[in-house]
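Asks: Got a structure for you, questions after.
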């Protein structure tokens with residue numbers, strides 16, 4: 001393409017052709033999703049095993065590894081994706097901000113749980129189990145709708161169903177025993193992140 | 001009949017503006033690839049659009065690599081929309 005004058009018809013052709021080129025669907029690979037999925041599953045298994053062996057609830061603090069490790073890795077991986085694609089659309093910004101809010105909210109949940117425990121002595125940490133199974137599925141469903149990706153919507157709905165069950169158990173006073181809850185938690189993250197992550201990777205390679 | 005904006009009535013500048021109307025930001029490499037232009041020519045046209053206040057050009061680093069990012073300004077959006085409206089009258093659309 002050069003710096004030359006156009007006829008009116010050519011102008012219209014340039015505009016429509018450039019719009020068509022930018023409308024190409026860019027499907028990010030599912031590596032960020034896979035990283036979060038495997039990280040959650042790894043920590044869930046680790047906490048489950050350590051709880052079973054030692055009976056010390058302090059092992060639950062290992063969950064704080066998730067935002068630390070995941071946050072740093074996500075930043076590095078997003079930069080790589082942006083460098084490879086070279087363009088940022090409205091959808092990219094919307095999904096990025098959606099995940100930033102969903103990802104930072106557990107910090108606030110943890111702060112509220114801590115304050116309530118200090119003030120009332122009541123253990124509210126069950127909320128930390130319900131949180132990722134409500135907020136994360138909603139963020140994932142929204143992303144699935146935005147980028148028209150069914151695997152994200154289905155994965156999000158599966159996670160949400162498990163989240164609703166978790167909330168009902170907490171409200172009904174049913175104890176979330178690690179023996180049945182940890183496998184359910186792992187299942188939710190496999191459905192929400194690992195399965196869609198692999199599907200996205202396969203589609204991205206095909207594209 | 002109103003005259004078409006001469007700054008936009010050029011193949012490469014119009015292509016750049018059309019792309020930037022559709023994305024939030026695009027880097028130099030992306031624009032070069034989509035417009036199939038040479039780096040030198042693209043650079044000159046970006047400077048012209050930037051001087052007119054139609055686009056903003058930011059030079060920064062992404063990781064360890066330099067990256068030039070372009071995005072359309074509100075003035076650029078208005079100019080593009082006006083260009084399309086005038087173009088419609090020329091083409092009787």
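Asks: Considering region A:81-94 alone, what residues qualify as being surrounded by 19 or more Cβ atoms within 10 Å (Cβ to Cβ) and either assigned to a helix (DSSP H, G or I) or under 19 Å from the mean Cα position of the chain (by Cα) (or both)?
Replies: A:82, A:92
Asks: Would you tally the residues in region B:1-33 being within 12 Å of the chain's Cα centre (by Cα), more than 7 Å from every other protein chain (Cβ to nearest Cβ) and over 17 Å from residue B:53 (Cα atoms)?
Replies: Adding up the residues that qualify gives 3.
Asks: Related question: Which numbered condition in (1) surrounded by 12 or more Cβ atoms within 10 Å (Cβ to Cβ); (2) closer than 21 Å to residue A:19 by Cα is the only one that residue B:81 fails?
Replies: That leaves (1) as the condition not met.
Asks: How many residues are more than 16 Å from residue B:17 (Cα to Cα), surrounded by fewer than 12 Cβ atoms within 10 Å (Cβ to Cβ) and out of contact with any helix residue (DSSP H, G or I) (no Cβ under 7 Å at 6 or more places or on another chain) when one looks only at region B:34-57?
Replies: The initial filter retains those residues of region B:34-57 that are more than 16 Å from residue B:17 (Cα to Cα), namely B:38-40.
Then keep just the ones that are surrounded by fewer than 12 Cβ atoms within 10 Å (Cβ to Cβ); that gives B:39-40.
Next cut, out of contact with any helix residue (DSSP H, G or I) (no Cβ under 7 Å at 6 or more places or on another chain) only: B:40.
Summing the residues that are more than 16 Å from residue B:17 (Cα to Cα), surrounded by fewer than 12 Cβ atoms within 10 Å (Cβ to Cβ) and out of contact with any helix residue (DSSP H, G or I) (no Cβ under 7 Å at 6 or more places or on another chain) in region B:34-57 gives 1.
Asks: Looking at B:53, B:76, B:60, B:40, can you tell me which residue is under 30 Å from residue A:76 (Cα atoms) and either in a loop (DSSP other than H, G, I, E, B) or more than 9 Å from chain A (Cβ to nearest Cβ) (or both)?
Replies: Details: B:53 fails: under 30 Å from residue A:76 (Cα atoms); B:76 fails: under 30 Å from residue A:76 (Cα atoms); B:40 fails: under 30 Å from residue A:76 (Cα atoms).
Criteria check complete, one pass: B:60.
Asks: Does residue A:75 satisfy the condition of being at pLDDT below 90, touching a strand residue (DSSP E or B) at 6+ places or on another chain (Cβ under 6 Å) and part of a helix (DSSP H, G or I)?
Replies: Numbers: at pLDDT below 90: yes; touching a strand residue (DSSP E or B) at 6+ places or on another chain (Cβ under 6 Å): no; part of a helix (DSSP H, G or I): yes.
Criteria not met by residue A:75.
Asks: Okay, next question. What's the number of the only condition in (1) at the interface with chain A (Cβ under 8 Å from one of its Cβ atoms); (2) assigned to a helix (DSSP H, G or I) that residue B:67 fails to meet?
Replies: (2)
The values are calculated or read from the model by the stated rules, or taken from the named source; none is laboratory data. These numbers come from a predicted model, not from an experiment. So basically every Cβ, Gly included, is an ideal-geometry build from the backbone, and we count neighbours across all protein chains shown.
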